[in-house]
Amino acid sequence: MEDYGWIQLHRKLLNNPIFLKAELLQLFIYCLLKANHKPNEFIFNNNIIKVDRGSFITGRFEIAKALKMNPSAVYRYLKVLEKLNYISLKSNNKYTTLTVLKYSTYQTDRTTIEQQ
């Protein structure tokens with residue numbers, strides 16, 4: 001995951017119910033920032049893992065450390081975002097694949113923007 005580049009935030013976010021919930025908003029923006037902007041693959045335990053655009057591999061302890069939150073709070077907030085259909089979570093005993101649903105709606109491809 002590269003630590004450069006940009007994401008888009010639409011002003012409609014101001015009218016979104018998570019806007020007034022600081023922890024939910026912070027977590028959702030974190031998900032947008034961490035999500036792959038193009039398909040990617042990497043090796044984990046000698047297996048190749050493919051990660052689609054809009055998804056990333058993580059765990060609640062990793063997110064908790066990055067956001068300086070309690071891991072159980074992160075878990076609760078992730079479940080709220082999942083219930084609101086902002087993200088989907090697919091977990092196994094090693095990691096979680098987090099997918100930002102409608103990622104392409106939130107993050108238009110840069111070449112499309114440049115052509116407009």
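The values are calculated or read from the model by the stated rules, or taken from the named source; none is laboratory data. Predicted model only: the values in this text are computed from it and were never measured. A quick note on method: Cβ atoms are made from the backbone with ideal geometry, for glycine too, and the neighbour counts reach across all protein chains shown. Accessible surface areas use protein heavy atoms only, side chains included; no ligands, DNA or RNA. Shrake-Rupley method; radii C 1.70, N 1.55, O 1.52, S 1.80 Å.
Cβ-Cβ distances below 9 Å connect the following pairs, each with a first residue in segment 73-96 that is free of Cβ contacts under 8 Å to residues at least 24 places away in the same chain and hydrophobic (A, V, I, L, M, F, W, C), a second residue that is assigned to a strand (DSSP E or B) and open to solvent by less than 80 Å² (accessible area, probe 1.4 Å), and a separation of six or more residues or different chains: Leu89/Thr96; Leu89/Thr97; Leu89/Leu98; Leu89/Thr99. Which ones in segment 1-30 are open to solvent by less than 70 Å² (accessible area, probe 1.4 Å), touching a residue at least 40 places away in the same chain (Cβ under 8 Å) and either at positive phi or not aliphatic (A, V, I, L, M) (or both)? Across segment 1-30, the qualifying residues are Gln8, Phe28.
To keep it simple, each residue is scored yes or no on (1) at pLDDT 95 or above; (2) over 17 Å from Ala22 (Cβ atoms); (3) out of contact with any strand residue (DSSP E or B) (no Cβ under 8 Å at 6 or more places or on another chain).
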| position | (1), (2), (3) |
| --- | --- |
| Arg60 | no, yes, no |
| Met69 | yes, no, yes |
| Arg76 | yes, no, yes |
| Lys102 | no, yes, yes |
| Ile113 | no, yes, yes |
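For segment 78-94, the candidate set comprises residues that are under 25 Å from Asn40 (Cβ atoms), of a type in the set (D, E, K, R) and modelled with pLDDT of 95 or more; within that set, the residue that is least open to solvent (accessible area, probe 1.4 Å) is Glu82.
For segment 45-61, taking the residues that are over 13 Å from the mean Cα position of the chain (by Cα) and open to solvent by 70 Å² or more (accessible area, probe 1.4 Å), the one that is nearest to Trp6 (Cα to Cα) is identified as Lys50.
Listed by position, the strands (runs of 3 or more DSSP E) inside segment 31-87 whose residues that are of a type in the set (Ser, Thr, Tyr) and at negative phi number at least 1 are 55-58. The selection criterion, being at pLDDT 95 or above and either under 26 Å from Asn16 (Cα atoms) or of a type in the set (Gly, Ala, Ser) (or both), does not hold for Leu33. So is Tyr106 in contact with an Asp or Glu (Cβ under 7 Å, 6 or more places away or on another chain) and open to solvent by 30 Å² or more (accessible area, probe 1.4 Å) or not? No.
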